[in-house]
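The structure appears below as structure tokens.
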Amino acid sequence: AKAAGRNRFSYFTPNLQTAALARLRLNNELRSAIADKQLQVYFQPIVETDSGIIRKAEALIRWYQPHKGWISPLEFIPIAESSGQIHAIGELVFQESVRWVSQWRKTIHPDFQISINQSPVEFQNENSPYTGWIAYLEQQGLPGQAINIEITEGLLLDADNKVASRLIGFRDAGIQVAIDDFGTGYSALSYLKKFDIDYLKIDQSFVRNLSEDSSDMALCEAIIMMAHKLGLQVVAEGVENAEQEQLLRSAKCDFVQGYLYSKPLPASEFDHFLRQAASK
Ligand code: C2E
Ligand code: CA
Ligand code: CA
Ligand code: CA
């Protein structure tokens, strides 16, 4: 069976040309999907560890392609980044997030926040919408605190003046900044001193085997301790069971997020989920 598997693998390995064609095709499908409003924003709860209160939600883009089914953002976001369609996606996510956070601050919790992912391409865009975003929030009667943005370490490692001043612009508007996937990729920590960051999100790869792997637990504890000493809060991602939650609570992790609480849900389902949680 192993040999057959190997054969099958080499037989179907696409050459570079077909891979490029597939990307091109997906990019075209993505363009019509955006035009036809096939993309949807889902929300996943971010829970305050101590109280169990849902304080925030992360906005995550979803694409259901009628012929192919669900296409993962891990597949189409990189393509959208290189074609520039990421900006239309980012705008859609922002608009939907503002619409819903406005409602949830009225109905669920006055301090409710929505966390929005920004890839480096979006953040570094010459025509970055960030001043537009700040103006739009104001226009909707929302403070910057209604929104968090999630960026990755790589962006800050080779940050030029533009990146730095954009970060300051967000911060001045009250928009809080989180480092996503913290601990993967880079070992330099000096950027934490250089930039005003609000949250670290511990990557799921450290959370996954938390109860079996004592070095993962040590890393989580060290990240949380360091963050707190620097005045940052910590969100752990990928929490799937009560044991992981208990270990993160004992390590004083501020927020937890993962399938244990809920998968990402369409806005109307998330609205229902929030109301039920609030009435308990
Ligand atoms: P991310 O920002 O690290 O998002 C967390 C991913 O983990 C999400 O995958 C989420 O559905 C998944 N997840 C949440 N809880 C659990 C859990 O308990 N177990 C496991 N195994 N997974 C969990 P998703 O939605 O497929 O997104 C993948 C990546 O695509 C995101 O990683 C982010 O980098 C990117 N992405 C998603 N939406 C957007 C967006 O609107 N804009 C941008 N720029 N990137 C996005
Ligand atoms: Ca994220
Ligand atoms: Ca992450
Ligand atoms: Ca990520």
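Before moving on, here are some points about what is shown:
- Residue-wise HN-Hα coupling along the stretch 257-264, computed from phi with Karplus coefficients 6.51, -1.76, 1.60 (Hz; x: Gly, Pro): 8, x, 4, 4, 8, 5, 6, x
- Sequence ranges 160-173, 76-89, ranked by mean other-Cβ count within 10 angstrom, highest first: 76-89, 160-173
- By the beta-carbon count within 10 Å of each Cβ, the least crowded to most crowded order of Trp70, Trp100, fewest first, is Trp70, Trp100.
- Euclidean distance of C-alpha centroids, the stretch 143-196 and the stretch 64-130, integer Å: 17
- Per-q log10 I(q)/I(0), the stretch 151-280, q = 0.10 Å⁻¹ (Debye; single scatterer per alpha-carbon; no solvent): -0.38
- Relative exposure of Thr184, Thr49, judged by other C-beta atoms within 10 Å (fewest first): Thr184, Thr49
- Spherically averaged projected area in nm², based on the convex hull that wraps the Cα atoms of the chain: 17.6
- Shown in residue order for the stretch 70-77 are the 3J(HN,Hα) couplings computed by the Karplus curve 6.51 cos²θ - 1.76 cosθ + 1.60 at θ = phi - 60°: 6, 10, 5, x, 4, 8, 9, 4 Hz (x for Gly and Pro).
- Shape summary of the stretch 46-103, radius of gyration then Dmax from alpha carbon positions: 14.7, 44 Å.
- Compactness relative to 2.2 N^0.38 Å, alpha carbon Rg of the stretch 110-205: 1.06
- Neighbour counts of other Cβ atoms within 10 Å put Leu230, Leu74 in the fewest-to-most order Leu74, Leu230.
- Dividing the mean sequence gap of close Cα pairs (under 8 Å, 6+ apart) by how many residues the stretch 137-280 holds gives a relative contact order of 17 percent.
- Volume per residue of the C-alpha convex hull in the stretch 31-79, rounded to whole Å³: 94
- Where only DSSP H runs of four or more residues are counted, the chain gives -15500 deg cm²/dmol as its mean residue ellipticity at 222 nm, each run worth -39500 (n - 2.57).
- Histogram of C-alpha separations across the stretch 17-142, 10 Å bin width, %: 11, 38, 32, 15, 3, 0
- Charging the Cβ of each Asp and Glu at -1 and of each Lys and Arg at +1, and nothing else, the dipole of the chain about its Cα centre rounds to 640 debye.
- Per residue, the average separation of C-alpha pairs within less than 8 Å and at least 6 apart gives the chain a relative contact order of 18 percent.
The numbers here are math on the coordinates, done by the rules we state, and not lab data. Please read all numbers here as calculations on a predicted model, not as lab measurements. Because the Cβ atoms are built from the backbone with ideal geometry, glycine has one as well, and the counts that use them run over all protein chains shown.
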